[in-house]
Amino acid sequence: MVVTEADDQTADLVIAELHRRNVPVIRFNPGDIGGGLVVSARYGVRPVGQVRTPSRSADLADIRSVYWRRPTWPDFEHLDEPDARFAAAQVRHGLGGVLYALHDCLYVNHPLRNYEAEYKPLQLAVAQRFGLNVPPTLISNDLDAVRAFIASHGEVVHKVLRWTPYRQGATGLTTWTEPVTEDELDESITVVPHLFQARVDKAADLRVVVVGGKAFAIRIESGLLDWRTDYDALSYSVVELPPRLEKTLIAYLEHFRLASGSFDLCVDREGDFHWLELNPNGQWGWLEDQTGLKLAAAFAELLMRGGS
């Protein structure tokens, strides 16, 4: 079962690989609930049920693995706001609850495990416990504390604690990793917590995709503070991680009970690795195109393995 939005090229790669291996797949998006998606589940003696799309149907008991990619949930714009909120909640807790409760099933990854692992303070604390090299980091809405942190570390960057859709009128906006100085700060910083981190004098970035206990490491050369700002400026090379670091990243995912994750690291000019973050459900499709790594095959093999 692949749960994702309609336009998901990364999921397309995995589904194509599964089709080549003659593995039956049902794909849908929770936002299609209604005419495009029907679910029924009965609980009592034993849970039974079915999910149906216009082209496929599957018994819930037959689902051996779930690839939980980038689903979108319905917003019921045609309803009044109170009714839309009510309907959206029923879908999340009805359809979502049925999918979250599948038994003897492999999730890549279980959405509740993804949700837990997305908290940046928790990521940082676990990385530190695992002995990873974490840059000095402050999460705070205390203006004096932030000023003191910047004064003590010199070059500091600001990151968001969680990416969220943001628009001004019809224009979509986003936030990158950006340098920040003391003179840019004012009392508005006290409204919410912010993440500040000492800047690493990096030579390159690393994206490490771990799937099914295998690590695929790609070195990204750009000269940019945040390589996501200009994909045309990037060059890629496949590298091998030090064995101890590779084992640590795999153990990190096991700590959160995740089958897969995309790690962002950087390497400084002395060759030391620094932890940046984990994206439990990160993008990797373009990396297969750029490097030839068989990432889709690795995901397909994991999904074929299924649950117990």
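The values are calculated or read from the model by the stated rules, or taken from the named source; none is laboratory data. Bear in mind that the values here come from a model prediction, so they are computed numbers and not experimental data. Heads up, the Cβs are rebuilt from the backbone with ideal geometry, glycines too, and the neighbour counts pull from every protein chain shown.
With respect to residue 275, determine if the residue is of a type in the set (Phe, Trp, Tyr), in contact (Cβ under 8 Å) with a residue 40 or more places away in the chain and under 27 Å from residue 138 (Cβ atoms). Let's see the steps before the verdict.
Numbers: of a type in the set (Phe, Trp, Tyr): yes; in contact (Cβ under 8 Å) with a residue 40 or more places away in the chain: yes; under 27 Å from residue 138 (Cβ atoms): yes.
Criteria met by residue 275.
Just name the residue that is farthest from residue 72 (Cα to Cα) out of those in segment 1-49 that are of a type in the set (Asp, Glu) and buried (at least 19 other Cβ atoms within 10 Å of the Cβ).
Of the residues in segment 1-49, the ones of a type in the set (Asp, Glu) are 5, 7-8, 12, 17, 32.
Adding the requirement that they be buried (at least 19 other Cβ atoms within 10 Å of the Cβ) leaves 8, 17.
Numbers: 8: 11, 17: 23 Å.
Filtering first and then ranking leaves 17.
Got a number for residues in segment 207-244 being within 24 Å of residue 119 (Cβ to Cβ) and either in the same structural domain as residue 66 (by TED's automatic domain parsing) or surrounded by 20 or more Cβ atoms within 10 Å (Cβ to Cβ) (or both)?
Qualifying residue count, segment 207-244: 6.
Condition first: touching a residue at least 40 places away in the same chain (Cβ under 8 Å) and part of a loop (DSSP other than H, G, I, E, B). Can you find one or more residues in segment 122-131 that meet it?
Yes, segment 122-131 has at least one match.
Name every residue in segment 1-48 that is at pLDDT 95 or above and basic (Lys, Arg), in order of residue number.
20, 21, 27
Which count do you get for residues in segment 278-287 that are closer than 22 Å to residue 115 by Cβ and buried (at least 17 other Cβ atoms within 10 Å of the Cβ)?
First pass over segment 278-287, keeping only residues closer than 22 Å to residue 115 by Cβ: 278-284.
Next, only the ones that are buried (at least 17 other Cβ atoms within 10 Å of the Cβ) stay: 278-282, 284.
Count: 6.
When segment 50-83 is examined, which residues are found to be over 20 Å from residue 40 (Cβ atoms) and either in a loop (DSSP other than H, G, I, E, B) or within 27 Å of the chain's Cα centre (by Cα) (or both)? Reasoning before the result, please.
The initial filter retains those residues of segment 50-83 that are over 20 Å from residue 40 (Cβ atoms), namely 65, 67-70, 72, 75-83.
If the condition is that a residue be over 20 Å from residue 40 (Cβ atoms) and either in a loop (DSSP other than H, G, I, E, B) or within 27 Å of the chain's Cα centre (by Cα) (or both), then 65, 67, 68, 69, 70, 72, 75, 76, 77, 78, 79, 80 are the ones that fit.
For segment 207-218, state whether one or more residues are part of a loop (DSSP other than H, G, I, E, B), in contact (Cβ under 8 Å) with a residue 24 or more places away in the chain and over 24 Å from residue 182 (Cβ atoms).
yes
Please enumerate the residues belonging to segment 263-286 that are among the hydrophobic types (A, V, I, L, M, F, W, C) and modelled with pLDDT of 95 or more.
Taking segment 263-286 first, the residues among the hydrophobic types (A, V, I, L, M, F, W, C) are 263, 265-267, 273, 275-276, 278, 284, 286.
Passing the criteria: 263, 265, 266, 267, 273, 275, 276, 278.
What number of residues in segment 1-24 are part of a loop (DSSP other than H, G, I, E, B) and touching a Leu at 6+ places or on another chain (Cβ under 9 Å)? Lay out the reasoning, then the answer.
At the first step, the residues of segment 1-24 found to be part of a loop (DSSP other than H, G, I, E, B) are 1, 4-8, 21-24.
From what is left, the residues that are touching a Leu at 6+ places or on another chain (Cβ under 9 Å) are 1, 23-24.
Counting residues in segment 1-24 that are part of a loop (DSSP other than H, G, I, E, B) and touching a Leu at 6+ places or on another chain (Cβ under 9 Å) gives 3.
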